[in-house]
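What follows is a short report on a single structure.
Every number in this text was worked out from the coordinates using simple rules, so none of it is lab data. Remember, it's a predicted structure, so these values are computed and weren't measured experimentally. With ideal geometry, Cβ positions are generated from the backbone for all residues, glycine too; neighbour counts draw on all protein chains shown.
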Amino acid sequence: MRSLSVLNPAPLLDRFDALVISGPTASGKSALALQLAAHWGGQPPCEIMSMDSAQVYRGMDIGTAKPSPAEQAAVPHHLIDMIDPAEAYSAAQFARDVQRLVPAIRARGALPLIVGGTMLYFKALTEGLSNLPQADAALRARIDAEAAAQGWPAMHARLAALDPATAARLAPNDKQRIQRALEVIELTGQPLSALQRGSANEPAALRRLHISIQPERNLRREAAEQRFDAMLAAGLLDEVRALKERADLHADLPSIRSVGYRQLWAHLDGQCDLASARERAITATRQLAKRQMTWLRGLGADVVLPAPSLPDLLAALHAQLDARTA
């Protein structure tokens, strides 16, 4: 097997605007990106853009597997620690940020690596998103109050009468998505399903090489348990406790709904013991990985790896370059 180490990787800069390394949670994609950057030793230099909807929040480090200060010092990182957990960050904003950052990174002679597993962000980047209204805090508060009185299954039934297509794909207790669908109807007078079929924001015009890590199911199960236990050992419960002590944060914020944070928040609220919270978090991690794999299998990546192997990635990159120069 030939190794890319004998080939100047600079041709990647000529053929691609960015490399995308995607994969389900706990698949090792971030570590692989760091290994790739270290392997090339700065020829060309690499800069990493996080494609992770939780790493954007400041003060949420352990539960998001955020790169350590040493890793960030070794390779420049972008789109992490951007906003406070009380704020919101959208897939559309991610796409705009990537379109802004890629030319700037390339102007420095560096190769952009877009790394993460938030597949809605990938969709926004590659396909564009429907033109939907921004969130309305007052309207959401009213919907939440009605749900507290009637229950989310009743709100789901209301949605089914107004937008049957959207309701059919949502569980009766999927309060986040039910709330958003009802909000869109009230703000626009149109069902979410119709707007999603309509005109979309333009996707980013990037020449990208998409590398997808797709481990087997049993490996994902083991990784989910090991990952969460390591986070607990590293102090995740204390991290969540510090967030919970803030008066401006609550369980329904997008930041706190992140896997791991949501379950430990419930434990600190007295809703379950720590052992139950751990099991729920591991289950949620597995479910997230399953959804991510469904997305990934439908994307048609340029390179699919069963494991985050640097030698396999180097060989695949070499083959991609050969194919494009043949």
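Between Arg217 and Glu146, the modelled labels are 3.9 nm apart [label points 7 Å from Cα along Cα→Cβ]. Relative to the globular-protein estimate of 2.2 N^0.38 Å, the Cα radius of gyration of segment 137-197 stands at 1.00. Bridgeable lysines around Lys66 (alpha carbons under 16 Å apart, same-chain partners fewer than 8 residues away excluded): Lys29. For segment 84-95, 3J(HN,Hα) computed residue by residue from phi via the Karplus equation (6.51, -1.76, 1.60; θ = phi - 60°) reads 6, x, 7, 9, 10, 9, 10, 5, 5, 5, 4, 4 Hz, glycine and proline entered as x.
Near Arg278: Cβ cut-off under 11 Å, other residues only, Lys/Arg at +1 and Asp/Glu at -1. The net charge is -3.
Between Ala135 and Gln196, the contour length at 0.36 nm per residue exceeds the alpha carbon distance by 20.4 nm. A cut-off of 5 Å between modelled amide H atoms, ignoring neighbours fewer than 5 places along the same chain, links Leu111 with Cys46, Glu47. Shape index of the chain: Rg/Rh, with Rg the Cα radius of gyration and Rh the Kirkwood radius from the inverse mean 1/r over Cα pairs, equals 0.98.
For His210, the amide hydrogen comes within under 5 Å of the amide hydrogens of Val20, Asp302, Val303, counting only partners 5 or more places away or on other chains and with H modelled in the peptide plane.
Approximating the spin labels as points 7 Å out from Cα along Cα→Cβ, the Ile83-to-Ala154 distance works out to 3.2 nm. Exposure proxy shown here: for His39, His250, the number of other Cβ atoms within 10 Å sets the order, fewest to most, as His250, His39. Of all the options Glu146, Glu87, Glu183, the one that moves most in a Gaussian network model of the chain with Cα springs shorter than 10 angstrom is Glu146. Rounded to 0.05, the FRET efficiency of the Ala171 and Gln99 pair, given R0 = 35 Å and the Cβ-Cβ distance, is 0.55.
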